[in-house]
Structure formats: C-alpha cells, structure tokens
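Here the structure comes first, spelled out in structure tokens, and everything after it is commentary.
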Amino acid sequence: MPVIEVKLIDEVFSPAQKKETITRITDAIAAIGGENMRPVTFVIVQEVPSGNWGVGGKVMTADAVKALPASAK
C-alpha cells in the first residue's frame, strides 16, 4: 500500500487545494497501479511553518510563495 507524503508551506494552499492534491495523487497511483490501489493509497499532507523552509540557501515564507509570478507557481 502506497504512502505518499506531501510537504507544503503552511498558509499557501487552501483546504480545497489540499483536497484536490490528495485526490489527484490518489488518481495517479490508481492510474499506474490499478483501481485496486485506490482504497489502500494513503496521502499525508504535512504543513511546514512559514519560514521553516529553505530553497537555494534562502528562507521561503508563505508570503514569498504567494508573491511568485503565476508562471512560476
């Protein structure tokens, strides 16, 4: 049974977006492994506090992610 962990910066994604993330990841596993995998696929969303995430040696915050151009998201 697959267990997929998704880490997100807190306060970037809405509850609806997190639900869609879980649904789409589950759909992808079912498409690859067959529908029998759907009921045993676990998706865990972990939210990392804003400022506790680093990219390229720089701290990323929720505000910094929200300020990214739409083409970079």
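Based on C-alpha pairs under 8 angstrom that are at least 6 apart in sequence, segment 3-72 has a relative contact order of 41 percent.
Considering only beta bridges that DSSP places wholly inside the chain, some 30 percent are antiparallel. Treating each Cα of segment 3-72 as one equal point scatterer and applying the Debye formula with no solvent, the log10 of I(q)/I(0) at q = 0.17, 0.28 Å⁻¹ comes out as -0.72, -1.20. Site pair GLN46 and ALA16 shows an inter-label distance of 2.8 nm when each label is modelled 7 Å from Cα along Cα→Cβ.
Each value in this text was obtained by applying a stated rule to the coordinates, not by laboratory testing. Because the structure is a prediction, the values reported are computed rather than measured. When we count neighbours, we look across all protein chains shown, and the Cβ atoms used for this are built from the backbone with ideal geometry, even at glycine.
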